[in-house]
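Data first, discussion second: the structure below is written as structure tokens.
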Amino acid sequence: MKFILYAALISLFSFTAVAQEEVPREITIIHAGTLLPVAGGETLSEQSIIVEDGKITDVVPSYISGDMDADVTIVDLKDKFVMAAMMDVHIHMAEGDLNNPSANAADHALMGVINSRKVLMAGFTTVRDLGARDDTLYKIIEGIDKGDIMGPRIIPGGIIIGVGNRDNGRECNGVESCRKTTRDMITEGAKWIKIRSSCRGGQLCSNEDGAPIFFDDEFKTITDVARKYEIPVAVHSHPRDSALQALKFGITSLEHGTFMNEEAMDIMVRDGVYYVPTMSNLDETERAATNPDTDPIYAEHNMKFVTRHPETVIKAYEKGVKIATGTDGDGRNAGTNYREVEYFVRSGIPNNDALKMATVNSAELLGFSDTLGSVEAGKIADIIAMDGNPLETIEVIENVTFVMKDGKVYKD
Ligand SMILES: [Zn+2]
């Protein structure tokens, strides 16, 4: 009996050994002419990045050709600038034109599929969606995970919690209502909670002295429920006081923050709250401000955004607030996500720090520091390449020529 058992075990082991021999390991080796392994740091030249099973297993000097036992694919990026893929942590993937009131779930699905592809091809392999219209986005995420749709990894923030109507989000009106809405959002699949704590930028009530939309007990209820489920909270805020209110309740990121004051920035530094400015729409705001057909009251309102927003961002940067990149993009501007990084540089932030905001800082905000945001051994292989050197000319990030996500090449 014992003998039979041993024989069975031996045959099992030998079968396993044969099976392993038959499937050679698949390795990709990227030959990187210039590599920025961690944005904010130094570049290295002539490096080999070794990728296996979707992960970076090693980064070594010189161009190596690899293991004879493995099935090796060499990717030649000897004349490129190579870095970690970028992230957009404030986006609306499944939205088209906000001003189209007749858009339905089919429109959202179509926009989601189109936007996903554009964003990935622009070199952004991870996004946080801060506000969908319905549950369409969850279906798109399913499609991307299965490989049926080409797109970035999407971290969904559900539907915006506001004082409800279609534009302002899901209803939070009184403590009981806020508790139910937040719970519902999380059980439906939201990995972040997004609160609209002030008026939209286009509304006059989003001005510097604008009032917060929620009462303290409502705001506290949302953040209490989120904390119960260990779900982080992102807060839309333009006026001074809505930022100060939000920062009382343990949020993870403040979005826009156009008119936040130095007191708010000091609290953000103290509590490690991230700032996601979303400056990418400022050109549109400026166009509206300078258009002679615009009502003078709105023109003046918009102009205040155009002048104050970059000042706020630079002040926050100088104070050491952690800044991440988010475009607030939707169907109108998906694929031009690089513009946020360019806005940072135009506001006076050094190129390398701006790239850090799009990689290291954004990964940190999402809680992905161990897996994403740099080209180092042990990280997921999300890698991009471009011609030219973005540390000298930031605009070269507009033309990403190589995109790898999870070790798979999507653009070459
Ligand atoms: Zn937004």
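Tell me which of these Ile30 doesn't satisfy, since it passes every other one: (1) within 30 Å of Phe81 (Cβ to Cβ); (2) modelled with pLDDT under 95.
(2)
Of the conditions (1) in contact with a Lys or Arg (Cβ under 8 Å, 6 or more places away or on another chain); (2) surrounded by fewer than 23 Cβ atoms within 10 Å (Cβ to Cβ), Ala334 clears all except one; give me its number.
Only one criterion in (1) in contact with a Lys or Arg (Cβ under 8 Å, 6 or more places away or on another chain); (2) surrounded by fewer than 23 Cβ atoms within 10 Å (Cβ to Cβ) is unmet by Ala334, namely (2).
Please go through the stretch 372-412 and give me each residue that is surrounded by 15 or more Cβ atoms within 10 Å (Cβ to Cβ), β-branched (Val, Ile, Thr) and in a loop (DSSP other than H, G, I, E, B), ordered by number.
Within the stretch 372-412, just Val375 meets the criteria.
When you go through (1) closer than 30 Å to Met86 by Cβ; (2) free of Cβ contacts under 8 Å to residues at least 60 places away in the same chain; (3) surrounded by fewer than 19 Cβ atoms within 10 Å (Cβ to Cβ) one by one for Ile114, which number turns out not to apply?
Ile114 satisfies all of (1) closer than 30 Å to Met86 by Cβ; (2) free of Cβ contacts under 8 Å to residues at least 60 places away in the same chain; (3) surrounded by fewer than 19 Cβ atoms within 10 Å (Cβ to Cβ) except (2).
Using beta carbons and a limit of 6 Å, which pairs, at least six apart or on different chains, have the first residue in the stretch 368-390 and free of Cβ contacts under 8 Å to residues at least 24 places away in the same chain and the second one β-branched (Val, Ile, Thr)?
Going by the 6 Å Cβ cut-off, the qualifying pairs are Thr371/Ile380.
State whether the residues of the stretch 254-275 include one that is hydroxyl-bearing (Ser, Thr, Tyr), over 22 Å from Asn173 (Cα atoms) and either without any contact (Cβ under 8 Å) to a residue 40 or more places away in the chain or touching a His at 6+ places or on another chain (Cβ under 8 Å) (or both).
Yes - at least one qualifying residue is present in the stretch 254-275.
Counting only residues that are modelled with pLDDT of 95 or more, more than 26 Å from Val345 (Cα to Cα) and away from the ligand (no atom under 16 Å from the Cβ), give me the helices (runs of 4 or more DSSP H) lying completely in the stretch 199-311 with at least 1 of them. Explain how you work it out, then say what you get.
Details: elements: 216-228, 240-246, 262-271, 282-290.
Helices (runs of 4 or more DSSP H) meeting the threshold: 216-228, 240-246.
For the stretch 179-198, what are the residues that are away from the ligand (no atom under 16 Å from the Cβ) and in contact with a helix residue (DSSP H, G or I) (Cβ under 7 Å, 6 or more places away or on another chain)?
Of everything in the stretch 179-198, those that are away from the ligand (no atom under 16 Å from the Cβ) and in contact with a helix residue (DSSP H, G or I) (Cβ under 7 Å, 6 or more places away or on another chain) turn out to be Arg179, Thr182, Arg183, Gly189.
With respect to Ile251, is the statement that it is among the β-branched types (Val, Ile, Thr) and in contact (Cβ under 8 Å) with a residue 24 or more places away in the chain true? Can you show your working first?
Numbers: among the β-branched types (Val, Ile, Thr): yes; in contact (Cβ under 8 Å) with a residue 24 or more places away in the chain: yes.
Criteria met by Ile251.
Among all residue pairs at least 6 apart or on different chains, which show Cβ distances below 7 Å where the first residue, located in the stretch 163-184, is closer than 16 Å to Asp135 by Cβ and at pLDDT below 95 and the second is among the hydrophobic types (A, V, I, L, M, F, W, C) and surrounded by 15 or more Cβ atoms within 10 Å (Cβ to Cβ)?
Gly169/Ile159; Gly169/Ile160; Gly169/Ile161; Arg170/Ile159; Arg170/Ile160; Arg170/Ile161; Arg170/Met185
Being of a type in the set (A, V, I, L, M) and out of contact with any Ser or Thr (no Cβ under 9 Å at 6 or more places or on another chain) is the filter here; which residues of the stretch 57-103 pass it?
Within the stretch 57-103, the first condition is being of a type in the set (A, V, I, L, M), and the residues that meet it are 59-60, 64, 68, 70, 72, 74-75, 77, 82-87, 89, 91, 93-94, 98, 103.
Once the filter is applied, which keeps residues that are of a type in the set (A, V, I, L, M) and out of contact with any Ser or Thr (no Cβ under 9 Å at 6 or more places or on another chain), the stretch 57-103 yields Met68, Ala70, Leu98, Ala103.
Given the condition touching a residue at least 12 places away in the same chain (Cβ under 8 Å), in the same structural domain as His309 (by TED's automatic domain parsing), away from the ligand (no atom under 16 Å from the Cβ) and outside any loop (DSSP other than H, G, I, E, B), answer yes or no: does some residue in the stretch 144-162 qualify? Please lay out each step first, then the result.
Of the stretch 144-162, the ones touching a residue at least 12 places away in the same chain (Cβ under 8 Å) are 144, 149-162.
If we keep only those that are in the same structural domain as His309 (by TED's automatic domain parsing) as well, we get 144, 149-162.
From the residues that got through so far, the ones that are away from the ligand (no atom under 16 Å from the Cβ) too are 144, 149-153.
Okay, now just the ones that are also outside any loop (DSSP other than H, G, I, E, B), so 144, 153.
Yes, that holds for at least one residue.
Scan the stretch 125-136 for residues that are modelled with pLDDT of 95 or more and either assigned to a loop (DSSP other than H, G, I, E, B) or within 16 Å of the ligand (Cβ to nearest atom) (or both) and jot them down.
First pass over the stretch 125-136, keeping only residues modelled with pLDDT of 95 or more: 125-130.
Within the stretch 125-136, Val127, Arg128, Asp129, Leu130 qualify.
Can you confirm whether the stretch 84-101 contains a residue that is more than 22 Å from Ala234 (Cβ to Cβ) and part of a strand (DSSP E or B)?
Yes: the stretch 84-101 contains one or more residues that are more than 22 Å from Ala234 (Cβ to Cβ) and part of a strand (DSSP E or B).
Go through Ala105, Ala109, Ala94, Ala122 for me and flag whichever is touching a helix residue (DSSP H, G or I) at 6+ places or on another chain (Cβ under 9 Å) and within 16 Å of the ligand (Cβ to nearest atom). Walk me through how you get there before you give the answer.
Numbers: Ala105 fails: within 16 Å of the ligand (Cβ to nearest atom); Ala109 fails: within 16 Å of the ligand (Cβ to nearest atom); Ala122 fails: within 16 Å of the ligand (Cβ to nearest atom).
So the residue among Ala105, Ala109, Ala94, Ala122 that is touching a helix residue (DSSP H, G or I) at 6+ places or on another chain (Cβ under 9 Å) and within 16 Å of the ligand (Cβ to nearest atom) is Ala94.
List every residue pair whose Cβ atoms lie under 8 Å apart, where the two residues are 6 or more positions apart in sequence or sit on different chains, the first residue falls within the stretch 188-206 and is under 15 Å from Tyr138 (Cα atoms), and the second residue, located anywhere, is basic (Lys, Arg) and surrounded by 18 or more Cβ atoms within 10 Å (Cβ to Cβ).
Within 8 Å, the pairs are Trp192/Arg128.
The values are calculated or read from the model by the stated rules, or taken from the named source; none is laboratory data. Note that the structure is a prediction, hence the values are computed from the model and not measured. Positions of Cβ are generated from backbone atoms using ideal geometry, with glycine treated the same way; all protein chains shown enter the neighbour counts.
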